[in-house]
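So the structure is just underneath, and the comments pick up after that.
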Amino acid sequence: MRKSERRKTAAARQATTQPAAAQPAQWRTTQETLVMAQISRTTLHKATKAGTFPKPIKIGKKCVWIEDEIKEWMKR
């Protein structure tokens, strides 16, 4: 078997063993989170501190929330 054939076979094998790519998580800014959850900024911060609302992810000076976690919180 040639080197190029081995590479093609290995690539095909790897492609079949890897799981399908999941959808990337959607991030929401503080303002988008407030609108989506229909709560005030004060309530958001109090609930986050109490642990009843999902924790934000800090990116530099900005905080973002994962949309799926907000939707899960809204279902509860």
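The values are calculated or read from the model by the stated rules, or taken from the named source; none is laboratory data. All figures in this text were calculated on a predicted structure; none of them were measured in a lab. In this analysis, Cβ positions are derived from the backbone assuming ideal geometry, glycine residues included, and neighbour counts consider all displayed protein chains. We work out accessible area using only protein heavy atoms, side chains counted, and drop any ligands, DNA or RNA first. Shrake-Rupley method; radii C 1.70, N 1.55, O 1.52, S 1.80 Å.
Using beta carbons and a limit of 7 Å, which pairs, at least six apart or on different chains, have the first residue in segment 51-71 and in contact (Cβ under 8 Å) with a residue 40 or more places away in the chain and the second one open to solvent by less than 40 Å² (accessible area, probe 1.4 Å) and in a helix (DSSP H, G or I)? These pairs meet every condition: Ile70/Thr33; Ile70/Ala37. Among the numbered conditions (1) at pLDDT 65 or above; (2) under 19 Å from the mean Cα position of the chain (by Cα); (3) open to solvent by 60 Å² or more (accessible area, probe 1.4 Å), tell me where Lys49 comes up short. Going through the list (1) at pLDDT 65 or above; (2) under 19 Å from the mean Cα position of the chain (by Cα); (3) open to solvent by 60 Å² or more (accessible area, probe 1.4 Å), Lys49 breaks only (2). Applying a threshold of 9 Å to beta carbon distances and a minimum spacing of six or more residues, or different chains, the list of pairs starting in segment 15-38 at a residue that is on the phi < 0 side of the Ramachandran plot and open to solvent by less than 70 Å² (accessible area, probe 1.4 Å) and ending at one that is among the hydroxyl-bearing types (Ser, Thr, Tyr) and modelled with pLDDT of 60 or more reads Leu34/Ser40; Leu34/Thr43; Ala37/Thr43.
Of the set (1) at pLDDT 55 or above; (2) open to solvent by less than 60 Å² (accessible area, probe 1.4 Å); (3) of a type outside the set (Asp, Glu), all apply to Lys8 but (2).
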